[in-house]
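The values are calculated or read from the model by the stated rules, or taken from the named source; none is laboratory data. This is a predicted model, so every value here is computed, not measured. Because the Cβ atoms are built from the backbone with ideal geometry, glycine has one as well, and the counts that use them run over all protein chains shown.
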Amino acid sequence: MNPDPVALNPRPPKFLLAVLVVAVVVTFLTVWRSYTSWIDLRVPPPTPRPTPDYRGAQLPEFPWPPRASAFMNIPSQFITNQSGTTALKDVGLRLEAVLRQGGYGQFGYYSIPRGFALVTRLEQFKADGTPADEPYRWSQEILNPRVFSLEYVRILLQGKTGHYRVIVFAVTDDDLFAQVEGKQVDVERADRLAIEGANKLPDWIGNSPYTDRHWCAALVYEFEKPSVDQPIDFKPNSNLLPQAHLQKILPHLENRR
């Protein structure tokens, strides 16, 4: 009787095959890790990209909350695009154009909470709010009015008085501002605001959209020199309405052609 070939050559148990497979896999992984570690030692790590420096794009801070001598809200339709969306840089450019049309050639940008401020140069003005005649408009020297003009008669009756102002357009989506605890600005600081401000809005502010929550207010900081031999002091409450201070600006704001 011939012997059974299966009985003479029994198959190895299944668990031995499983152990063999596990051993092969573990050996492969061990060799692979050793190889990759050796590769890592030979290849230098990639040079990290430098972090962008945004410090140059920061605006100087404007004293906030404000303590102005007069203020008024500017309707959004005067400063936003007539069609499509409006970014904050569009509002800034619109205000710049309006200021230039009103004869204000020097201004600077500042940061306020959740927005920006655009500040004009210190300007001398007449008692009715109109700008002083050149070259006194941009000088702290009290103007000499034309002989027999209304300003000349006023000086004869009341003495020589200097009136000065800085106009600030504040644009933000902050809830509101209250002047009870506002920060005053003295004339020395006011005289430097326009020249020390930024020349434009940084992109991270300028590219932000102007939304329904945003608003714009015109703030007037007024200063007075009671006489030639007295200092210039901040005037907390203007005798003029804000519309009188903005009489060279508002017509250009309202004209959207």
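Residues considered: GLY103, GLY84, GLY108. Of these, the only one that is more than 23 Å from GLN243 (Cβ to Cβ), assigned to a loop (DSSP other than H, G, I, E, B) and not polar (S, T, N, Q) is GLY84.
If you go through segment 211-257 one residue at a time, how many are charged (D, E, K, R), assigned to a loop (DSSP other than H, G, I, E, B) and farther than 22 Å from LYS89 by Cβ?
Of the residues in that region, 2 qualify.
Selection of segment 205-256 for residues being modelled with pLDDT under 95 and under 27 Å from the mean Cα position of the chain (by Cα) yields GLU254, ASN255, ARG256. Candidates in segment 178-189 are the residues that are hydrophobic (A, V, I, L, M, F, W, C) and closer than 16 Å to PRO65 by Cα; of these, the one that is surrounded by the most Cβ atoms within 10 Å (Cβ to Cβ) is VAL185.
Please state which one of LEU122, LEU99 is within 14 Å of LEU250 (Cβ to Cβ) and either under 17 Å from the mean Cα position of the chain (by Cα) or surrounded by 19 or more Cβ atoms within 10 Å (Cβ to Cβ) (or both). Talk me through it step by step, then tell me what you get.
Values: LEU122 fails: within 14 Å of LEU250 (Cβ to Cβ).
Of LEU122, LEU99, the one residue that is within 14 Å of LEU250 (Cβ to Cβ) and either under 17 Å from the mean Cα position of the chain (by Cα) or surrounded by 19 or more Cβ atoms within 10 Å (Cβ to Cβ) (or both) is LEU99.
Based on what the data block shows, is ALA127 modelled with pLDDT under 95 and touching a Leu at 6+ places or on another chain (Cβ under 9 Å)? Judged against the criteria, ALA127 is a match.
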